[in-house]
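Colleague: What follows is a single structure, and I will ask about it in a moment.
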Amino acid sequence: MSEETDQERSEPASPKRLEQAREEGNVPQSKELLTFVLLTLGALILWSIGTALARALSQFVAFGLSFTRYDYADTAGVWLQLGTALLPVLGLLAVLFGALFVGGFSPLALTRGAVSAKPLTPDLGRILKLQGLKRMFSIQGWMELPRLLLKLGLVVTVTWLLVRYYEMEFLGLARQSTGEALNSLFHMIGVCFIAMTAVLALVAAGDIPFVLWQHYKKLRMTRDEVRRESKESDGSPEVKARIRSLQRQAAQRRMMADLPTADVIVTNPTHYAVALRYAEGGMAAPKVIAKGADLIAARIREVGVEHRIPMLEAPPLARALYRHTEIGETIPEALYAAVAEVLAYVYQLRRVAAQGGAAPKPPRDLPVPADLDPGAAPA
C-alpha cells in the first residue's frame with residue numbers, strides 16, 4: 001500500500017487524536033505571541049518604573065564616583081554602602097524580570113494549559129533523521145519564507161523610523177546630566193517598545209490563526225484512520241456480539257434465580273411462558289420476573305414444576321405479556337383485569353391446598369384487548 005499523503009487527509013482530527021497530541025506536547029505554538037506578550041510587559045513596566053529605575057541607577061553611579069581614597073580603608077563599610085545603593089536597582093529589576101518570566105507562559109493560552117515533558121525526552125530517531133535540516137529545505141519552509149520576510153520588513157521599517165525620529169535627541173544625551181540622560185533614555189526605550197509592540201500585535205494577530213490552521217491541518221486524518229480508530233474505540237463486530245451474548249446469558253441467569261419467587265406462570269402453552277409476581281401492599285401492580293420463548297419458555301416451565309409454581313394456559317394473555325412487557329416491569333394497565341382473574345385463581349388454589357375442597361376451574365376467555373394480542377385475528 002502506498003503511503004498516505006496530505007491530500008488524502010480529508011477528515012478533521014478526532015477528539016482522541018487531539019488529546020493524544022496534547023499529551024505528546026504536539027500543540028500549536030506561536031513565537032510571535034510570546035514576543036508580543038514579552039514586549040508588551042516590558043514596555044508597560046518600563047513606562048511605569050522607568051523614572052524610578054533611572055533615578056536609582058543615577059544614584060548608584062553617583063555613589064560609585066563619590067568614593068575617595070580614604071573610603072577604601074574600611075572594606076566592610078564599602079560593601080555595606082555598595083549594597084545599600086544597589087538594593088533599589090535590584091528591586092526594580094526583579095519586578096521587570098519577574099513580569100517577563102510570567103509572560104513567558106503566554107503560549108499556554110493557545111494550548112489551553114497543556115504541558116508535556118515528552119518533547120524534552122531525548123529521541124535518537126529525531127536526531128538521526130535531521131528533521132530540522134529537512135524542514136529547512138522542505139516545501140513548507142519555502143512557503144513560510146514570504147511570511148518571515150514580511151515580518152522582518154515591518155520590524156526593520158519601524159526600527160528605521162524610530163532611529164530617524166530620535167536621532168537628534170539621542171545625540172543630545174551627552175549634554176545632559178546623568179539622571180536626565182537615563183530618564184530620557186528610558187523614555188525613548190519605552191516608546192520604542194510600544195511601537196514594536198504595536199507592530200508585533202499585527203503580526204501575532206495574523207500568525208495565531210495561521211498557526212492554529214496549520215496545527216489542525218497537520219492532525220487531519222484519512223478515512224481509513226477514522227475507521228480504524230472507531231473500530232478500536234467501539235470494538236470489532238465480533239467482540240460486540242460476544243459482549244451482547246454474555247449480557248443475555250447473565251440476564252437469563254438472574255431471571256432464573258428470581259423465578260422461584262413467582263406466583264404464577266402463564267403459558268401459550270409451549271411457545272411462550274411469562275412468570276408473574278404480586279406482593280399485595282408492596283407493589284402497585286403485578287410484575288414480570290421472567291419471560292421467554294421456545295427453549296427458554298421450556299426451561300421456565302421446568303423450573304416452575306420443580307418449585308410447584310401454578311401454571312395456567314392462556315395463549316392470548318401469554319402472547320400479550322411477552323410482546324408488551326420487559327423483565328422487571330409491571331404489566332400494562334390494559335391487562336389488569338385479565339391478570340386479576342389469573343391471580344384470583346392462584347389464591348383459590350392455595351386455599352384449597354391449605355384447607356381442602358374442590359379444585360377451582362381455570363379461568364377462560366380472559367379479557368385481553370385484541371390490539372395487545374399479536375395472535376388475534378384482524379377485525
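The values are calculated or read from the model by the stated rules, or taken from the named source; none is laboratory data. In this text, all values refer to a predicted model and were calculated from it rather than measured experimentally. Methodologically, a virtual Cβ is constructed for each residue, glycine included, from the backbone with ideal geometry; neighbour enumeration extends over all protein chains shown.
Colleague: Among the listed residues GLU229, GLU225, GLU180, which satisfies the condition of being surrounded by fewer than 17 Cβ atoms within 10 Å (Cβ to Cβ) and touching a strand residue (DSSP E or B) at 6+ places or on another chain (Cβ under 8 Å)? So that I can check it myself, show each step before the final result.
Modeller: Details: GLU225 fails: surrounded by fewer than 17 Cβ atoms within 10 Å (Cβ to Cβ); GLU180 fails: touching a strand residue (DSSP E or B) at 6+ places or on another chain (Cβ under 8 Å).
Exactly one residue qualifies, and that residue is GLU229.
Colleague: What are the residue pairs meeting all of these: first residue in the range 155-172, first residue in contact (Cβ under 8 Å) with a residue 12 or more places away in the chain and hydroxyl-bearing (Ser, Thr, Tyr), second residue surrounded by 10 or more Cβ atoms within 10 Å (Cβ to Cβ) and part of a helix (DSSP H, G or I), Cβ atoms under 7 Å, and 6 or more apart or on different chains?
Modeller: TYR166/MET188
Colleague: For the condition over 30 Å from PRO15 (Cβ atoms) and either free of Cβ contacts under 8 Å to residues at least 12 places away in the same chain or outside the structural domain of PRO367 (by TED's automatic domain parsing) (or both), what is the one hit in GLY282, GLY328? Don't jump to the end; show me each part of the working.
Modeller: On the way: GLY328 fails: either free of Cβ contacts under 8 Å to residues at least 12 places away in the same chain or outside the structural domain of PRO367 (by TED's automatic domain parsing) (or both).
Just one listed residue meets the conditions, GLY282.
Colleague: Okay, next question. Could you identify the single residue in LEU171, LEU202 that is surrounded by fewer than 16 Cβ atoms within 10 Å (Cβ to Cβ) and within 21 Å of LEU41 (Cβ to Cβ)? Let's see the steps before the verdict.
Modeller: Values: LEU171 fails: within 21 Å of LEU41 (Cβ to Cβ).
Among LEU171, LEU202, only LEU202 is surrounded by fewer than 16 Cβ atoms within 10 Å (Cβ to Cβ) and within 21 Å of LEU41 (Cβ to Cβ).
Colleague: What single numbered condition from (1) touching a residue at least 24 places away in the same chain (Cβ under 8 Å); (2) small (Gly, Ala, Ser); (3) surrounded by fewer than 19 Cβ atoms within 10 Å (Cβ to Cβ) fails to hold for GLY304?
Modeller: Going through the list (1) touching a residue at least 24 places away in the same chain (Cβ under 8 Å); (2) small (Gly, Ala, Ser); (3) surrounded by fewer than 19 Cβ atoms within 10 Å (Cβ to Cβ), GLY304 breaks only (3).
Colleague: Can I ask one more? Looking at the structure I just gave you, is ILE331 more than 19 Å from GLY375 (Cβ to Cβ) and touching a helix residue (DSSP H, G or I) at 6+ places or on another chain (Cβ under 6 Å)? Working first, answer last.
Modeller: Numbers: more than 19 Å from GLY375 (Cβ to Cβ): no; touching a helix residue (DSSP H, G or I) at 6+ places or on another chain (Cβ under 6 Å): yes.
Answer is no for this residue.
Colleague: Next up: In the range 334-364, how many residues are under 20 Å from GLY375 (Cβ atoms) and loosely packed, with under 12 Cβ neighbours inside 10 Å?
Modeller: Looking only at that region, the number is 1.
Colleague: Residue under question is ILE309, and the condition is that it be assigned by TED's automatic domain parsing to the domain that holds LYS361, aliphatic (A, V, I, L, M), over 30 Å from ARG17 (Cβ atoms) and part of a helix (DSSP H, G or I); does it hold? Let's see the steps before the verdict.
Modeller: Details: assigned by TED's automatic domain parsing to the domain that holds LYS361: yes; aliphatic (A, V, I, L, M): yes; over 30 Å from ARG17 (Cβ atoms): yes; part of a helix (DSSP H, G or I): no.
Against the criterion (assigned by TED's automatic domain parsing to the domain that holds LYS361, aliphatic (A, V, I, L, M), over 30 Å from ARG17 (Cβ atoms) and part of a helix (DSSP H, G or I)), ILE309 does not qualify.
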